[in-house]
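Working notes, beginning with the structure itself.
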Amino acid sequence: MTQPVIWLDGAWKTKETATISVYDHGLLYGDGIFEGLRIYAGRVFRLEDHLKRLYNSAQYLRIAMPLKSEELADWVQQAVARWGQQTGYIRLLVTRGVGALGLDPQKCEKPAVIIIVDEIQLYPPEMYQTGIPIITASVRRTPRSSSEARVKSLNYLNNILAKMEAREAGCLEALMLNTEGLVAECTADNIFLVHQNKLFTPAAVHGALEGITRKVVLECAEALAIPYEEAALAPYDVYTAEEVFMTGSGAEIMPITKVDGRTIGNGKPGPVTEQLKAAFHEVTIQD
Ligand code: PMP
């Protein structure tokens, strides 16, 4: 197995030496942000989009990034060169940094920046052929009045609770609704529905993270002349869809074949999902 490549505030580390302080507010309070990216064909997929989202998250949370986006991009490229593999996963992490005890972010001098390049496998490969069953979690997505869904922060506790509900129900993933009962997304992936050959996906206002994979899928839909719409969706729309799938950098495109015990379509990954999956993989190789 290839050893992970880790960059921590300007120094190359190993898994054993890459440690952070117990006074880091990322650990103490979940005060930080992150990104998950993929390497395809030896290249970082959609690095600019991920950096844009990271820097927007920093801007929203008033985390003063200690290095420019181009500088971080450069370190990411160096990390990927050290990794030396055609495929892989990159985790970018920015914490508020080390500070005194107490929430006040002003007590932290400098944000910590971390790059990890490693392997990831969220689901067994055969599940991409069969699709997976999911349940709707009772835990809701944090409302916008509390935290903006577009910010990819280190606060995933309700998503983790939802994931635990999924595991209890014998599923690997859960659908999360917003506080109005509308479909938001899965615990770490965006959701798509197909109704009469048209794609539907919740918008950021419904509690969806603006996923990069989601964006690429919408680009693929455009290229394939598949109409799409960002829409307010209820569980009813999910249950009655012909196809359902979820997207994320880690999960890529995963068909969903059962939701809360309702079989979706004929219980197999549908043709629109398969078409988009193929188009997506083509883009990852060509980009
Ligand atoms: N929603 C949430 C809550 C996520 O954490 C993620 C990333 N894992 C996604 C959606 C998918 O986003 P992306 O395609 O950019 O990975």
Inset, instruction - Out of the residues in the range 6-32 that are of a type in the set (Gly, Ala, Ser) and crowded, with 18+ Cβ neighbours inside 10 Å, state the one that is nearest to the ligand (Cβ to nearest atom). - result: 32
Inset, instruction - Go through the residues of the range 33-42 one by one and say whether even a single one is away from the ligand (no atom under 15 Å from the Cβ) and either over 18 Å from residue 252 (Cβ atoms) or charged (D, E, K, R) (or both). - result: no
Legend entry - Contacts under 6 angstrom Cβ, first residue in the range 58-77 being at pLDDT 95 or above, partner charged (D, E, K, R), 6 or more apart: 66/110
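Consider residue 233 carefully, then state whether it is among the hydrophobic types (A, V, I, L, M, F, W, C) and either surrounded by fewer than 16 Cβ atoms within 10 Å (Cβ to Cβ) or over 21 Å from residue 40 (Cβ atoms) (or both). It would help to see each step written out before you state the result.
Numbers: among the hydrophobic types (A, V, I, L, M, F, W, C): yes; either surrounded by fewer than 16 Cβ atoms within 10 Å (Cβ to Cβ) or over 21 Å from residue 40 (Cβ atoms) (or both): yes.
It is true that residue 233 is among the hydrophobic types (A, V, I, L, M, F, W, C) and either surrounded by fewer than 16 Cβ atoms within 10 Å (Cβ to Cβ) or over 21 Å from residue 40 (Cβ atoms) (or both).
Identify all residues within the range 126-145 that are within 15 Å of the ligand (Cβ to nearest atom) and either in contact (Cβ under 8 Å) with a residue 60 or more places away in the chain or under 20 Å from residue 56 (Cβ atoms) (or both); write none if there are none. I'd like the intermediate steps shown before the answer.
Here is the first cut: in the range 126-145, the residues within 15 Å of the ligand (Cβ to nearest atom) are 134, 137, 139-144.
Within the range 126-145, 134, 141, 142, 143, 144 qualify.
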Inset, instruction - Within the range 264-287, work out how many residues are among the hydroxyl-bearing types (Ser, Thr, Tyr) and either touching a Gly at 6+ places or on another chain (Cβ under 6 Å) or closer than 19 Å to residue 185 by Cα (or both). - result: 1
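Mind checking whether some residue in the range 160-168 is outside any helix (DSSP H, G or I) and within 12 Å of the ligand (Cβ to nearest atom)? Reasoning before the result, please.
Applying the first criterion (outside any helix (DSSP H, G or I)) to the range 160-168 yields none.
The answer is no; no qualifying residue exists.
State whether one or more residues within the range 13-25 are hydrophobic (A, V, I, L, M, F, W, C), assigned to a strand (DSSP E or B) and at negative phi.
Initially, the range 13-25 is screened for residues hydrophobic (A, V, I, L, M, F, W, C), giving 18, 20, 22.
So of that shortlist, the ones also assigned to a strand (DSSP E or B) come out as none.
No, there is no match, as no residue in the range 13-25 is hydrophobic (A, V, I, L, M, F, W, C), assigned to a strand (DSSP E or B) and at negative phi.
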Inset, instruction - Evaluate the range 156-165: report whether one residue or more is among the small types (Gly, Ala, Ser) and either within 30 Å of residue 243 (Cα to Cα) or touching a strand residue (DSSP E or B) at 6+ places or on another chain (Cβ under 8 Å) (or both). - result: yes
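What residue, of 145, 138, is modelled with pLDDT under 95, farther than 20 Å from residue 278 by Cβ, surrounded by fewer than 16 Cβ atoms within 10 Å (Cβ to Cβ) and not hydrophobic (A, V, I, L, M, F, W, C)? Full working, then the answer.
Values: 138 fails: modelled with pLDDT under 95.
Exactly one residue qualifies, and that residue is 145.
Residues checked against (1) of a type in the set (A, V, I, L, M); (2) within 19 Å of residue 6 (Cα to Cα); (3) part of a loop (DSSP other than H, G, I, E, B):
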{"residue": "36", "(1), (2), (3)": "no, yes, no"}
{"residue": "54", "(1), (2), (3)": "yes, yes, no"}
{"residue": "59", "(1), (2), (3)": "no, no, no"}
{"residue": "64", "(1), (2), (3)": "yes, no, yes"}
{"residue": "72", "(1), (2), (3)": "yes, yes, no"}
{"residue": "85", "(1), (2), (3)": "no, yes, yes"}
Inset, instruction - Taking only the range 60-82 into account, find how many residues are more than 26 Å from residue 217 (Cβ to Cβ) and surrounded by fewer than 21 Cβ atoms within 10 Å (Cβ to Cβ). - result: 14
Inset, instruction - Return a yes/no flag: does the range 108-122 have any residue that is within 16 Å of the ligand (Cβ to nearest atom), closer than 26 Å to residue 260 by Cβ and either out of contact with any strand residue (DSSP E or B) (no Cβ under 8 Å at 6 or more places or on another chain) or not charged (D, E, K, R) (or both). - result: yes
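The values are calculated or read from the model by the stated rules, or taken from the named source; none is laboratory data. Predicted model only: the values in this text are computed from it and were never measured. Cβ coordinates were reconstructed from backbone atoms using ideal geometry, including for glycine residues, and neighbour counts include every protein chain displayed.
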